[in-house]
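Down below is the structure, laid out as structure tokens.
The values are calculated or read from the model by the stated rules, or taken from the named source; none is laboratory data. What you are looking at is a predicted structure, and each value in this text was computed from that prediction instead of being measured. Cβ atoms come from the backbone with ideal geometry, glycine included; neighbour counts cover every protein chain shown.
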Amino acid sequence: MINVSEMKLIQILITNKCNMSCTHCSQMCPHQPKPFNMKLEEIENALSTLVDYPGHIGLFGGEPTLHPQFKEILALLRKYVPVKARRELWTNGANYEKYRSEIEETFYKELVAYNEHEDQQACWHQPNQIAAKEVFSGMVTGDTANDESIMWKVIDNCWVQNRWSAAVTPQGAYFCEVAAARAMMLGEPQGIRIRKGWWKEPLQTYRFLKETLCPECSMCLPMDMRPNDKQEYDDVSPKMLQKLKRIGSPAALKDKCKAFNVALLQQYYQCREWEPETDYLKRGLWKDFPEWTPHMYRDFEEKKHEPADVKRHTNKSSKKPVV
């Protein structure tokens, strides 16, 4: 894992509300039992602590354009991040036309990640609800301690934490945007306090968050990615499925989840060396699993930045299942 200060981007999760219900959503929107909109004062406080952060600042959700004060949030972003080239936006375009002029004023087109999840789009999602601790429970190596050791090695090499971003939510700051979404879904644990210089804190500061949240995640686990986010259900490890129902996950309570057979991964992982890639461009990946490339969720030429970029086409992706 890397320190937040080394990351190129910090996201502010301004809402977890979304007009879509994609399976295997990295922000777990269909599982969020309590919708939220960050208050303007919370957003302004977060931005004020990042004025000396050298990287980019992003607005994310949920679907950020659904925030009822999105226009005011854009004004705050322009105020505290005066360099336009340091502002980013992730959106499915829900209210893009409503805020088009403000979006174009605030962001360069190339720094808007636009994803409508339209039909037949060549898009892939990595499952995130197959708990690593349920997979590495002693059945991979035949020894519980050895399995746990491998689990932490895999977590420490997580491609998401090495490639994506830290995140700010109403509960505080987190070393990983997926961990932040999981904490919001669970209602705990609280992130570190948003204060001046928080992003300079060493990774050790987040140890409790890491030890609590990462073992319940599967973003770091080599496995088959799910095509086109049209599977219609989430793959969830058995104990995690029980937990999702206990916390009131709408998706779990509506039977939009299926218990995943973790033995498939346990068998797949046996006799592996777990040697991480050392090439920077392959960070977070494994030499043992060259077929697993979760960061390539969409072909480069298919990246979109505004509604006009959307094209209907047939999914011709050559990705093949792993497990």
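Looking only at segment 1-54, count how many residues are under 18 Å from residue 94 (Cβ atoms) and polar (S, T, N, Q).
So the count comes out to 9.
I need a count of the residues in segment 282-295 that are free of Cβ contacts under 8 Å to residues at least 40 places away in the same chain and either touching a Leu at 6+ places or on another chain (Cβ under 9 Å) or within 17 Å of residue 164 (Cβ to Cβ) (or both).
Selection size over segment 282-295: 2.
With the requirement that a residue be of a type outside the set (A, V, I, L, M, F, W, C) and either modelled with pLDDT of 95 or more or touching a His at 6+ places or on another chain (Cβ under 7 Å) (or both), what does segment 35-54 give you?
37, 39, 41, 42, 44, 45, 48, 49, 52, 53, 54
All but one of (1) modelled with pLDDT under 95; (2) of a type in the set (D, E, K, R); (3) farther than 19 Å from residue 31 by Cβ hold for residue 232, so report the exception by its number.
Only one criterion in (1) modelled with pLDDT under 95; (2) of a type in the set (D, E, K, R); (3) farther than 19 Å from residue 31 by Cβ is unmet by residue 232, namely (3).
Scan (1) within 21 Å of residue 11 (Cβ to Cβ); (2) within 15 Å of the chain's Cα centre (by Cα) for the single condition residue 212 breaks and write down its number.
(2)
State whether one or more residues within segment 51-71 are at positive phi, buried (at least 21 other Cβ atoms within 10 Å of the Cβ) and outside any helix (DSSP H, G or I).
The first filter runs over segment 51-71 and keeps only residues at positive phi, leaving 62.
Narrowing further to those that are buried (at least 21 other Cβ atoms within 10 Å of the Cβ): 62.
After this cut, where a residue has to be outside any helix (DSSP H, G or I) as well, the list is 62.
Within segment 51-71, one or more residues are at positive phi, buried (at least 21 other Cβ atoms within 10 Å of the Cβ) and outside any helix (DSSP H, G or I).
How many of the residues making up segment 176-196 are under 24 Å from residue 35 (Cβ atoms) and part of a loop (DSSP other than H, G, I, E, B)?
8
Could you list, in sequence order, the residues of segment 126-156 that are touching a Phe, Trp or Tyr at 6+ places or on another chain (Cβ under 7 Å) and either assigned to a strand (DSSP E or B) or under 24 Å from residue 233 (Cβ atoms) (or both)?
Across segment 126-156, the qualifying residue is only 130.
Looking at this structure, is residue 211 modelled with pLDDT of 95 or more and in contact with a strand residue (DSSP E or B) (Cβ under 9 Å, 6 or more places away or on another chain)?
no
For segment 159-179, enumerate the residues that are within 22 Å of residue 296 (Cα to Cα) and surrounded by fewer than 24 Cβ atoms within 10 Å (Cβ to Cβ).
Scanning segment 159-179 gives 159, 160, 162, 163, 164.
Name the pairs: first residue in segment 197-220 and part of a loop (DSSP other than H, G, I, E, B), second residue small (Gly, Ala, Ser) and buried (at least 20 other Cβ atoms within 10 Å of the Cβ), Cβ to Cβ under 7 Å, at least 6 apart or on different chains?
Final answer for the pair search is 217/132; 218/131; 218/132; 220/132.
Mind checking which helices (runs of 4 or more DSSP H) fall wholly inside segment 233-302 and carry at least 1 residues that are in contact with a Gly (Cβ under 8 Å, 6 or more places away or on another chain)?
Here the list reads 238-247.
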